[in-house]
Amino acid sequence: MRILYLLLFGLLLNILGDGKVMSMQSVSSMQKVISTPFGKTKHGESVELFTLTNSKGTIAKIMTYGATLTELWTHDKNGKLIDIVLGFDNFKDYEQLVQRTYFGSTVGRYANRIGEAKFSLDGKEYKLSPNNGQNMLHGGAQGFDTRIWQAEILPNKDSASVKFSYLSKDMEEGFPGNFNCSVIYTLTDNNELKLEYEAKTDKPTVVNLTNHAYFNLSGAGNGTILDHLMQINADAYTEVNDQYIPTGKIINVTGNLFDLRQATRIEKNIEATKGYDVNYVLQSQDGKLAQAAIVYSPQTQIELEVLTTEPGLQFYPSVYLNGSIQGIGGVYPKYGAFCLEAQHYPDSPNHDNFPSTILRTGQIYTQTTVYKLKQK
Ligand code: FUC
């Protein structure tokens, strides 16, 4: 009987997918990965979309352009499936964005900002391509979020996994070294979306990979996240100047508006902090997977727990959205979502007191971040 249900479910996905399904895996173990064509870039490159489903009915969709999480569907308090990340259901809308938003993208080679778009390594100065005033933001004009990644469905008995790989050539956007990287997206039956990154280089370089998903636990396009409760396990944050470049100072949150160690309504200090947008220095600094944040929507009773091996977490409550983008679920207003970007600190290559982001030949860079969903 169970098998029959699964086959019927697979058939339904096929029909919903307009018959364009190219491959399907592990139907019998209830986890599924299907791939469908998602569109073509203006240069004629094909973009594929991978749909991961677990036994709870949670669905994650990731496209090969930017190894981007485009949709994440989970159940709200009434058992209704809602999409909790901002994005589009067709590729053209991503390409036509007037302003880069990095919705759900894998960001690299260096996520966040590098001051004056330059750094020195082993006595040599590297000039990067500035794309945020005189600074570099999220890997430059053609960051990893704009690249087509190679995808491979991984044989995985217990969960649905897809591996996305990208080779960033020596001196791409100014970074030294041929840089081979990958991110494996896994959706477990425990309602965890796990992102495992790996990279190596053939010359010393710097690296900071993250995901830039915009979450709204009340549903993408369903108003703002101002009523969400946010807890971040950080005693400090990296101070920035007026261009959001770290000054090098690490500021303790005690008695300060940025203190989120207790679950706090996001609205409370959002204006007073000028929209947060800071990198939190997480309590866990040993590189082991540890809880970094918990977020909760009272409307849907969906909770998101973020765990990471990274030492930092950028909290960005979508200050620059302004209602001009119409995506899945509706229009995306200011504060229509929050990003929690697990990362090394911004501008680390220019600050010796920050954890190092240098990757040398023979070393393997790894980063794991888990988004765990719960119904509370
Ligand atoms: C986040 C922010 C930045 C920028 C970008 C689009 O990473 O920290 O300030 O606005 O998103």
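The values are calculated or read from the model by the stated rules, or taken from the named source; none is laboratory data. Remember, it's a predicted structure, so these values are computed and weren't measured experimentally. All Cβ positions, glycine included, derive from the backbone under ideal geometry; neighbour counts span all protein chains shown. Side chains are part of the model used for accessible areas, which takes the heavy atoms of the whole protein and leaves out ligands, DNA and RNA. Shrake-Rupley method; radii C 1.70, N 1.55, O 1.52, S 1.80 Å.
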Problem - Solvent exposure of the stretch 282-376 as accessible area per residue, Å², 1.4 Å probe - result: 39
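Compute the relative contact order of the stretch 22-375 as a whole-number percentage, counting only Cα pairs closer than 8 Å that sit 6 or more residues apart in sequence.
Numbers: 972 pairs, mean separation 60.6, N = 354.
Computed value for the stretch 22-375: 17 percent relative contact order.
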Completion exercise
In the chain the accessible area split gives carbon plus sulfur, as whole percent at 1.4 Å, a share of 51
Completion exercise
For D145 the rounded accessible area (nearest 10 Å², probe 1.4 Å, non-protein molecules ignored) is 10
Exercise for the section: Provide the solvent-accessible area of K56, counting protein heavy atoms only and rolling a 1.4 Å probe, rounded to the nearest 10 Å². Expected result: 100
Handout entry: Gain on full stretching of the segment that runs from Q243 to S324 - 0.36 nm per residue minus C-alpha separation
Key = 26.7 nm
Completion exercise
In Å, the C-alpha Rg and Dmax of the chain are 20.0, 67
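Just to make sure I understand: if all protein chains stay in place, what is the order of M171, M63 by accessible area at 1.4 Å, largest first?
Numbers: M171 95, M63 0 Å².
Final ranking, largest accessible area leading: M171, M63.
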Fill in the blank from the handout: Rounded to whole angstrom, the alpha-carbon centroid of the stretch 295-338 lies from that of the stretch 133-168 at a distance of 21
Exercise for the section: Name all residues of the stretch 237-258 having a backbone nitrogen under 16 Å from the label point set 7 Å from the Cα of D352 along its Cα→Cβ direction, giving them as ranges. Expected result: 248-249
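What order do D352, D347 take when sorted by accessible area (1.4 Å probe), most exposed first?
Values: D352 160, D347 5 Å².
Final ranking, largest accessible area leading: D352, D347.
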Practice task
With springs connecting C-alpha atoms under 10 Å apart, model the chain as a Gaussian network and identify which of G287, G87, G123 has the largest mean-square fluctuation.
Solution key: G123
Exercise for the section: List every residue whose amide H lies under 5 Å from the amide H of Q343, counting only residues 5 or more places away in sequence or on a different chain, with H placed 1.01 Å from N in the peptide plane. Expected result: G312, L313, Q314
Problem - Global size of the stretch 263-343 as Cα Rg and Dmax, reported in angstrom - result: 14.0, 41
Practice task
Specify which residue in the list P130, F338, Q314 is farthest towards the positive end of the charge dipole of the chain, using unit charges on the beta carbon of Lys, Arg (+1) and Asp, Glu (-1), about the Cα centre.
Solution key: F338
Practice task
Determine ³J(HN,Hα), in whole Hz, for all residues of the stretch 138-154 in sequence, where each value follows from phi through the Karplus function 6.51 cos²θ - 1.76 cosθ + 1.60 and θ = phi - 60°; x replaces Gly and Pro.
Solution key: 6, x, x, 4, 10, x, 4, 5, 10, 9, 8, 9, 7, 10, 9, 6, 8
Handout entry: Extended-chain gain in nm, criterion 0.36 nm per residue less alpha-carbon gap, S129 and D227
Key = 31.4 nm
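Where nothing but the Cβ of Lys and Arg (+1) and of Asp and Glu (-1) is charged, how large is the charge dipole of the chain around its Cα centre, in debye to the nearest 20? Don't skip to the answer; put the middle values down first.
Working: 34 positive and 38 negative charges, 123 e Å.
About 600 debye.
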Practice task
Report the residues of the stretch 264-293 in range of a label on I251: point 7 Å along Cα→C-beta, backbone N strictly under 16 Å from it.
Solution key: 269-282
Completion exercise
The simple spin-label model distance between Q291 and T264, using points 7 Å out along Cα→Cβ, in nm, is 1.9
Exercise for the section: Quick one: accessible surface of F354, probe radius 1.4 Å, all protein chains present, in square angstrom to the nearest 10. Expected result: 10
Practice task
In whole angstrom, note down how far apart the Cα centers of the stretch 31-85 and the stretch 265-289 are.
Solution key: 28
Fill in the blank from the handout: Between Q363 and N78, the two model label points (7 Å from Cα along the beta-carbon direction) sit apart by a distance in nm of 5.1
